[in-house]
Amino acid sequence: MRKVILDLAVTLDGYIEGPNGEIDWCILDNDMEFDKFIESVDTIFYGRVSYDAWGNYQPENDANDSVKAIWKAIHSKNKIVFTRQIRNDNNVTYINSDITQSVEQIKAKDGKDIWLYGGAKLIETFVDRKLIDIYRLSVHPVVLGNGKPLFENLKQRLNLELLSVKKFRSGVVQLIYKNEK
């Protein structure tokens, strides 16, 4: 069965965004092999706010070729947006009803794994409903002091099993955990 993978950058003090939504602290080094992660998924789950911000994002014309290639690969995936606001967008499947049942049905279909992109509210819902199979967290060597925390309003404890740890030349440390459910 396909897995739902939360792949996310987080600061050392547990924030996924700065106080004004900034993510300028995120590092993307070639040795992180993010392109291989993108190849391993065929579907991306978005919340509406994250989709509005990033679902159709295009890098600047002067961006390097690897950044352009990553965004091209991201935009080639099936996009599913969880929202109460249904829009007319042929590039997206909207889900506005039973999230748990919808996710289980999608996971049961043939295909590659699924990237839970976010945002924070959708991640919170997936955590609460134990819909995340793999937590792939890249801890960046920065402390913000405030912002949007990754694990906000948890209703229950998460028990995770560490699968691997990778250190990159930038100082980013990637922790991959399996949800023990």
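Normalised Debye scattering of region 61-119 at q = 0.20, 0.24, 0.26 Å⁻¹ gives log10 I(q)/I(0) of -0.91, -1.12, -1.21, counting only Cα atoms as equal scatterers and leaving out solvent. Here is the P(r) of region 4-179: all C-alpha pair distances, binned every 10 Å from 0, give 9, 36, 41, 13, 1 in whole percents. Hey, in the GNM for the chain with a 10 angstrom Cα cutoff, which one of LYS121, LYS36, LYS148 fluctuates hardest? Result for the chain, Cα springs under 10 Å: LYS36 fluctuates most. Springs between alpha-carbon atoms under 10 Å, Gaussian network over the chain: tell me which of LEU137, LEU163, LEU12 tops the mean-square fluctuations. Maximum fluctuation in the GNM of the chain, among the listed residues, is at LEU163.
Helix-derived [θ] at 222 nm for the chain: sum -39500 (n - 2.57) over DSSP H runs of at least 4, divide by residue count, nearest 500?
-6500 deg cm²/dmol
List the aspartates and glutamates whose Cα lies under 17 Å from the Cα of LYS36, skipping any in the same chain that are fewer than 8 positions away. Here the aspartates and glutamates satisfying the reach criterion relative to LYS36 are ASP7, ASP65, ASP113.
None of the figures in this text is laboratory data; all of them are computed from the coordinates on show. Just so you know, these numbers come straight off a predicted model, no measurement behind them.
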